[in-house]
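Below you'll find the structure I mean.
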Amino acid sequence: MDKWMKNNNFNKILALALSIILWTIVHVDTAPANQTTVNTESKTIENVKVEIEGFDSDTYVLTKDVDSVRMEVRGKKSDLTYKFSDAYRVWLDLSDVKPGDNTLPLMYSTPSGVTLDDMVPNQVNVHIELRTTKSFPVTVNITGEPAAGYKVGTPVVDPVSAEVTLPASDLGRVAKVQGNIELDGENEPFSEKKLKLYAYDSEGNELKDAVIEPSTVGVELPITLPSKTLPLDISFTGSLPGSLVLSRVTPEQDMVTVYGSTETLQNLSSYEAVLNLSSITAAGTEQLKLELKPPEGAGKIEPAAMNVSVSTAEIAQRTISAVPIKLEGIGSGLTALIIDPVSTSMDLTVSGAPTLLDQLDQDNISVVADVGGLTAGIHDIPLQVSLPRFITLQNDSPQLTVKVELLAPVTPEPSAEADNSTAVPTTEPSAEPASGEETPLEPSPTHAGESIEPTPTPTHIPAENAPTPAAGGNNAGSTGGT
């Protein structure tokens, strides 16, 4: 051995062998530890959604206190860098869980090469209850205001009801199912095909766990100007040719609807329209177009136009005999007598379409003398003659009059028994009336048999021997409506 130790080559070989052994020991023992320390890193995965497995959602309602978790994981940098967050799964297995309250552990899975250090939280409190469903009518809550002057109508919802599903213990809290609309100066109808629905309790708090089916509804909300339906009155312009007259005027509808502010509408009682007759050239029936324009201050009118059936015919005349004269407006205590004409009636000659004249009689003619506001005495009163539409008087006189006497009530004579101490001596009363007293006048016989002679002129009928109106005379009477 000493011989080998003294051999220089042996010593060199031995030293080399020892060096190799030491190098191997150092690198084999320490390399794995150093490699792990250098290449392993940690990572935090936020908001990993908790999935539900094995749950019968058609029969039960699940309430849980955790929807997502935070995961602390570890692995090689390459594994952590190139793995997407959706490669990390967390789920809750409810396959064997019964209704009631339960605390359950969360299950997880990580990508290959990645381990879980921690998960917060790692368990979930769940409440499982039998699913209960009830139908509720859908209501619409409207806030805000439409444009000035417009009004909001009743919303039309489709469908009109929705089903709410909640645990049996919570379903009784549902007071209404409602969609919400906020207005901001709208001036036309509001339409929404998918208005979201919410469930509320009696205090207006939203029940956020409620499942509503359908979750949205369609709604139509009328937003219009206030409206008023008015009768249509038609007057005429233009001239009919030759001797034609109107016999019938029939619009497509006799009512129109006017839209406008409340202030404008409250002052309207009818709608006046003017129809131009100048296009009519021959007797018969024609369809004329009537344009309707909104009254001043109104927004619109419906319809904006309509057809009017207009029938015309050749003019004819007829005399209606002995039309009675009516007295109106007789003052309290007064008695009124018609003294001219004595017959208290008159004959009227009228013109119009033959079909209308054939239907005419005393019942649809009115001749009125208005003595309202007059005192006792004799007065010439203009007559007011009312005729059916499209019938006119034929007369040359500017007005028809009647002579009326108003009689004051008779004053009773004083009592024969008077107080002698205060009586003033008087003379015996004369057989003749005292000055200033009036006696009732009998109708003058000179007027008997007088008649009104009509003239062919198509204007007015004069009353023969018509006296001049008395002082403080009366307004001229109307010659009748058309």
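The values are calculated or read from the model by the stated rules, or taken from the named source; none is laboratory data. Only a predicted model underlies this, so the values are computations on that prediction, with no experimental measurement involved. Here the Cβ positions follow ideal geometry from the backbone for every residue, glycine too, while neighbour counts run over all protein chains shown.
Consider segment 36-84. How many of its residues are over 12 Å from residue 114 (Cα atoms) and assigned to a helix (DSSP H, G or I)?
Total meeting the criteria: 4.
Also: Being exposed (fewer than 13 other Cβ atoms within 10 Å of the Cβ) and closer than 20 Å to residue 340 by Cβ is the filter here, so list the residues in segment 313-323 that pass it.
321, 322
Residue-by-condition table, conditions (1) within 13 Å of residue 248 (Cβ to Cβ); (2) in the same structural domain as residue 239 (by TED's automatic domain parsing); (3) not hydroxyl-bearing (Ser, Thr, Tyr):
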{"position": "265", "(1), (2), (3)": "no, yes, yes"}
{"position": "270", "(1), (2), (3)": "no, yes, no"}
{"position": "279", "(1), (2), (3)": "no, yes, no"}
{"position": "287", "(1), (2), (3)": "yes, yes, yes"}
{"position": "290", "(1), (2), (3)": "no, yes, yes"}
{"position": "294", "(1), (2), (3)": "no, yes, yes"}
{"position": "300", "(1), (2), (3)": "no, yes, yes"}
{"position": "305", "(1), (2), (3)": "no, yes, yes"}
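Might you let me know whether segment 346-355 holds any residue that is without any contact (Cβ under 8 Å) to a residue 40 or more places away in the chain and under 48 Å from the mean Cα position of the chain (by Cα)? Can you show your working first?
Looking only at segment 346-355, we keep the residues that are without any contact (Cβ under 8 Å) to a residue 40 or more places away in the chain, and these are none.
No, segment 346-355 contains no residue that is without any contact (Cβ under 8 Å) to a residue 40 or more places away in the chain and under 48 Å from the mean Cα position of the chain (by Cα).
Another one. Can you name the condition, by its number, that residue 261 falls short on among (1) farther than 18 Å from residue 293 by Cα; (2) among the polar types (S, T, N, Q); (3) at pLDDT below 90?
(1)
Any chance you could count how many residues in segment 194-241 are in contact with a Phe, Trp or Tyr (Cβ under 6 Å, 6 or more places away or on another chain), assigned to a strand (DSSP E or B) and closer than 22 Å to residue 270 by Cβ? Before you say what the answer is, go through the steps one by one.
Narrowing segment 194-241 to residues in contact with a Phe, Trp or Tyr (Cβ under 6 Å, 6 or more places away or on another chain): 206, 221, 223, 225, 227, 230, 232.
This time we only want the ones that are assigned to a strand (DSSP E or B), so: 206, 221, 223, 227, 230, 232.
Among the residues that remain, those that are also closer than 22 Å to residue 270 by Cβ are: 227, 230, 232.
Residues that pass the stated criteria total 3.
With farther than 15 Å from residue 167 by Cβ, touching a helix residue (DSSP H, G or I) at 6+ places or on another chain (Cβ under 9 Å), aliphatic (A, V, I, L, M) and surrounded by 13 or more Cβ atoms within 10 Å (Cβ to Cβ) as the only criterion, which of 90, 61, 66, 73 stands out? So that I can check it myself, show each step before the final result.
Working: 90 fails: touching a helix residue (DSSP H, G or I) at 6+ places or on another chain (Cβ under 9 Å); 61 fails: farther than 15 Å from residue 167 by Cβ; 66 fails: touching a helix residue (DSSP H, G or I) at 6+ places or on another chain (Cβ under 9 Å).
None of the others qualify; the one that does is 73.
Now, a different point. Looking for something within 30 Å of residue 171 (Cβ to Cβ), surrounded by 13 or more Cβ atoms within 10 Å (Cβ to Cβ) and either modelled with pLDDT under 90 or not polar (S, T, N, Q) (or both) - is there at least one such residue anywhere in segment 105-115?
Start the filter on segment 105-115 by keeping residues that are within 30 Å of residue 171 (Cβ to Cβ), which leaves 106.
Now restrict to residues that are surrounded by 13 or more Cβ atoms within 10 Å (Cβ to Cβ): 106.
Remaining after also requiring either modelled with pLDDT under 90 or not polar (S, T, N, Q) (or both): 106.
Yes, that holds for at least one residue.
Given the criterion more than 60 Å from the chain's Cα centre (by Cα) and not β-branched (Val, Ile, Thr), identify the matching residue among 107, 119. If you could, list the steps in order and put the result at the bottom.
Details: 107 fails: more than 60 Å from the chain's Cα centre (by Cα).
After applying the criteria, what remains is 119.
What do you reckon, is residue 213 exposed (fewer than 13 other Cβ atoms within 10 Å of the Cβ), under 18 Å from the mean Cα position of the chain (by Cα) and of a type in the set (D, E, K, R)?
Working: exposed (fewer than 13 other Cβ atoms within 10 Å of the Cβ): yes; under 18 Å from the mean Cα position of the chain (by Cα): no; of a type in the set (D, E, K, R): yes.
No.
Right, here's the next one. Applying the selection to segment 129-141, what residues are modelled with pLDDT of 90 or more and either at positive phi or crowded, with 17+ Cβ neighbours inside 10 Å (or both)?
136, 138, 140
A further question follows. Among 174, 164, which is the only one that is assigned to a strand (DSSP E or B), within 30 Å of residue 200 (Cβ to Cβ) and at pLDDT 90 or above? Give the derivation first.
On the way: 174 fails: assigned to a strand (DSSP E or B).
Just one listed residue meets the conditions, 164.
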